[in-house]
Amino acid sequence: MIYLDNNATTPLHPKVKEVIKETLDYYSNPSSLYTNGRVIREKINNARKEIATFLNCKPNEIIFTSCGSESNNTVLKGVINNYLKDGNKNKVHIITSIIEHPSIINTLKSLESENVEVTYLNVDENGMVNIENLKKSIKKETVLISIMFANNEIGTIEPIEDISKIALENNILFHTDAVQAIGKVDIDLKKLKVDYLSLSGHKIYAPKGIGVIFEREGSIHIPPLINGGHQENGLRAGTENVIGIIALGEAFRMLKLEMKDEIKKVKELRELLESEIVKNIPDIKINGHPTMRLAGTLNVSFKKIEGESILLRLDFNKIAVSTGSACSSGSLDPSPVIMALGVSPEIAHSSIRFSLGRENTKEEILKTVEILKESVEFLRMMSPIK
Ligand code: PLP
């Protein structure tokens, strides 16, 4: 299979796979006080250090969760609960963007009430949040800004550093969903003043079912979403996903060694894919920012064709792509992210996301363009829309 859906999930890194195999026999509970328990506790702490070194933060600022969605839920609900505790009736206001992942949008929708107001910022035609609009939307009740680092469907990288400065100047907490940015953009948490950051293992060649919240020391302490034992310093109860955590540590160790070369390679391949599509297929529109975009993400609308028809023809030829975020596929509505760029529903319906990863090759890209060209020509010939 030619796998071009790395923003949905990634295959395991071979080194991560090796580590998982070794870890399968570590069955002791890391909270147990006897030797085997302590050995596993140490391995968890080593993984925590590995991740902290990569992000340039302190190990005690890393909290393990089950996924990026849990990390996002914990931060948003935690911040709000913190403000509304003890029967506080003061209004709270949160600022986010309309192109966030459903784990942000749907969580905030569920929190909206008389006391909780949410501003969903529009984005420009490239998917970029406008800093002036952000500044204008700040109110005296604003307690949190949550803006994604990079978008999963179009790859646009948001001006996170500028936003972090605005949040700091206005004494507002700042969270960023960095699930798609980790391993693809340099992130140094000593320099970048975010209070909270979410990430997920399965987007960086680690297994599914492991995520992280970075919570900056000194920022408002978010209460746990899952109550129970004292794991993760009381911030996230539940016996640790030992295999997932150790695997994630290894994925970060490999990222540290390989990330630079990987970004370079993936960028070259995506540029090849993009230029070959532009050269060979007429009536297309590239969605996302021309330069401030993840190296491996290419979202294209093929006018007059439904994205799903292209996806199925590519699938028949053993090429895996997607028509939107994995979570919203199956929905008949056009992608809200593409619609947010100000295009028509037809253009949004005709979009395909190619997301490249460390295993792709030049041959795969050229083969994809060949099949894509034939598919688009065939589907346009058959299309009732002329
Ligand atoms: N945030 C973004 C930007 C994502 O792309 C995803 C997954 O697609 C998530 C959050 C959710 O991560 P997880 O699948 O680990 O819950």
Residue identified as farther than 21 Å from residue 202 by Cβ, open to solvent by less than 60 Å² (accessible area, probe 1.4 Å), modelled with pLDDT of 95 or more and touching a helix residue (DSSP H, G or I) at 6+ places or on another chain (Cβ under 8 Å) among 65, 119: 119
Single residue of segment 127-160 satisfying the filter (within 16 Å of the ligand (Cβ to nearest atom) and of a type in the set (Gly, Ala, Ser)) that is farthest from residue 51 (Cα to Cα): 127
Residue pairs meeting the criteria (Cβ under 7 Å; at least 6 apart or on separate chains; first in the same structural domain as residue 106 (by TED's automatic domain parsing), in segment 120-147; second of a type in the set (Lys, Arg) and open to solvent by 40 Å² or more (accessible area, probe 1.4 Å)): 141/91
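Can you name every residue in segment 92-112 that is over 22 Å from residue 136 (Cβ atoms) and in contact with a helix residue (DSSP H, G or I) (Cβ under 9 Å, 6 or more places away or on another chain)? First the steps, then the outcome.
If we filter segment 92-112 for residues that are over 22 Å from residue 136 (Cβ atoms), which is where we start, we get 101-103, 106-107, 109-111.
Residues satisfying the conditions are 101, 102, 103, 107, 110, 111.
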Residue satisfying all of: in segment 70-116; among the aliphatic types (A, V, I, L, M) and within 16 Å of the ligand (Cβ to nearest atom); most open to solvent (accessible area, probe 1.4 Å) among these: 98
Cβ-Cβ under 6 Å pairs, at least 6 apart or on other chains, segment 189-207 side within 15 Å of the ligand (Cβ to nearest atom), far side charged (D, E, K, R): 196/215; 198/177; 202/208
Filter result for residue 29 (open to solvent by 40 Å² or more (accessible area, probe 1.4 Å) and either polar (S, T, N, Q) or outside the structural domain of residue 119 (by TED's automatic domain parsing) (or both)): yes
Any hit, segment 213-221, residues being within 16 Å of the ligand (Cβ to nearest atom), closer than 22 Å to residue 102 by Cβ and modelled with pLDDT of 95 or more: yes
Checking residue 355 against (1) within 26 Å of the chain's Cα centre (by Cα); (2) surrounded by fewer than 19 Cβ atoms within 10 Å (Cβ to Cβ), the condition it does not meet: (2)
Matching entry among 286, 277, 310, 263 (being in a strand (DSSP E or B) and under 26 Å from residue 366 (Cβ atoms)): 286
Flag if residue 91 is of a type in the set (Lys, Arg), touching a strand residue (DSSP E or B) at 6+ places or on another chain (Cβ under 8 Å) and either without any contact (Cβ under 8 Å) to a residue 60 or more places away in the chain or in the same structural domain as residue 218 (by TED's automatic domain parsing) (or both): yes
Residues being farther than 19 Å from residue 61 by Cα, within 13 Å of the ligand (Cβ to nearest atom) and not in a loop (DSSP other than H, G, I, E, B) - total across segment 161-188: 1
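The values are calculated or read from the model by the stated rules, or taken from the named source; none is laboratory data. Source: prediction; values computed, not measured. Positions of Cβ are backbone-derived with ideal geometry, glycine not excepted, and every protein chain shown enters the neighbour counts. For accessibility, only protein heavy atoms count, side chains too; no ligands or nucleic acids. Shrake-Rupley method; radii C 1.70, N 1.55, O 1.52, S 1.80 Å.
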